[in-house]
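Shown next, in structure tokens, is the structure this report addresses.
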Amino acid sequence: MREMFVFLVICGVFGTSLAANHALCGQQVTKVNDDSSHYVVGGVNANPQEFPWQVSLEYNSAEVGWYHTCGASVISDEWVLTAAHCVDRSLDGAMYRCVVGEHDRTKPEGKEAIINVIKVIQHPSWDTSKIVNDVALLKLSRPISFSGNESHVRPVCLPDQQAVDNIVGTKCWATGWGHTQWQGQVAPILQKVQVDITTQSSCKSKYLFVTSITEAHICFGEQGKGTCQGDSGGPLNCQVGGKYYSYGATSFGVQCAGSYPSVSARTSTFSAWIWQTVSQN
Ligand SMILES: *[C@@H]1O[C@H](CO)[C@@H](O)[C@H](O)[C@H]1NC(C)=O
């Protein structure tokens, strides 16, 4: 039995949706020339604000203070989507904060804002042994000013419920500040890697003796291209009809971008829960 790894950094001593996406969702701030097959593991530096919904989720540890633990995505002015396992250590919002507008985590670049978290909501069916329903919502302490001084921050669109293989073949970008190789280190600058979505049947057969891949999972990547520790909760950015949708929230793999595909929580499976939870909280 292979061991699965969820992709957070632990630091220290070691269908139909009820509400629509935000009107601004999925629009890039910086126009980018995607001229090559850019390659998190196997990635290259993203351009500043190329993925303006990308969040660095920080955790307050007793030993080292605030540090980058996971990725997350802005989905509205007050809500951020991440992985359920990223908040397993505590459901107290005071233990987390979100950095929006971030690019190079090692220095201030004038666009970052640190926003506190006032509510942490894990998916009610989060199953830590099967790593299924690995999504959580974080409510911010104040709205992001999309039309004011934070117009370089944008929400990403979320897809509605759809057939699992509907987007096989779509080119997407996995992004994060996670380790650039198995047992490596977190990246200072946001990394992006272009990946193909894996068919559900091939992902199921690859993971046959490890775990069951369900309709709540989406698989992507190949040897040398994928996600790793520190990328958890971050988006799987797929451009459809001129807008970016996040098709996944980074969840787990076997080591990092080895012979197993990377696996994310399939956001389309959760869109109804997400918008319902947002509207009720
Ligand atoms: C925008 O202004 C608010 C209120 O003054 C401030 O808290 C926030 O940090 C600013 N955001 C950025 C990105 O500078």
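The values are calculated or read from the model by the stated rules, or taken from the named source; none is laboratory data. Quick caveat, the model's predicted, so the values are computed rather than measured. Positions of Cβ are backbone-derived with ideal geometry, glycine not excepted, and every protein chain shown enters the neighbour counts. Ligands, DNA and RNA are stripped out before the accessible areas are found, and what is left, the full protein with its side chains, is counted by its heavy atoms. Shrake-Rupley method; radii C 1.70, N 1.55, O 1.52, S 1.80 Å.
Tabulated data for the structure shown
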quantity: Positions within the range 165-178 being in a loop (DSSP other than H, G, I, E, B) and either polar (S, T, N, Q) or farther than 14 Å from Ala46 by Cβ (or both), in sequence order; calculated: Asp165, Asn166, Ile167, Val168, Gly169, Thr170
quantity: The range 138-154 residues that are more than 12 Å from Gly101 (Cα to Cα), paired with ones that are at pLDDT below 95 (beta carbon under 9 Å, 6 or more apart); calculated: Ser147/Leu24
quantity: Members of the range 197-224 that are part of a strand (DSSP E or B) and open to solvent by 40 Å² or more (accessible area, probe 1.4 Å); calculated: Glu222
quantity: Failed criterion for Val168 (all others in (1) within 16 Å of the ligand (Cβ to nearest atom); (2) open to solvent by 30 Å² or more (accessible area, probe 1.4 Å); (3) among the β-branched types (Val, Ile, Thr) hold); calculated: (1)
quantity: Single condition Gly42 does not satisfy, out of (1) away from the ligand (no atom under 16 Å from the Cβ); (2) open to solvent by less than 20 Å² (accessible area, probe 1.4 Å); calculated: (2)
quantity: When residues of the range 128-146 are limited to those that are among the charged types (D, E, K, R) and open to solvent by less than 40 Å² (accessible area, probe 1.4 Å), the one nearest to the ligand (Cβ to nearest atom); calculated: Lys139
quantity: Yes/no for Asn116 being within 13 Å of the ligand (Cβ to nearest atom) and either outside the structural domain of Gly242 (by the TED database) or assigned to a strand (DSSP E or B) (or both); calculated: yes
quantity: Yes/no for Ser271 being touching a Gly at 6+ places or on another chain (Cβ under 8 Å), buried (at least 24 other Cβ atoms within 10 Å of the Cβ), at pLDDT 90 or above and not in a loop (DSSP other than H, G, I, E, B); calculated: no
quantity: Residue identified as away from the ligand (no atom under 16 Å from the Cβ), assigned to a loop (DSSP other than H, G, I, E, B) and under 16 Å from Asn45 (Cα atoms) among Gln162, Gln194, Gln181; calculated: Gln181
quantity: Which listed residue is modelled with pLDDT of 95 or more, part of a loop (DSSP other than H, G, I, E, B) and within 16 Å of the ligand (Cβ to nearest atom), from Val99, Val153; calculated: Val153
quantity: In the range 225-237, the residues that are crowded, with 24+ Cβ neighbours inside 10 Å and assigned to a strand (DSSP E or B); calculated: Gly226, Pro235, Leu236, Asn237
quantity: Of all residues making up the range 45-71, the number that are among the hydroxyl-bearing types (Ser, Thr, Tyr) and surrounded by fewer than 20 Cβ atoms within 10 Å (Cβ to Cβ); calculated: 2
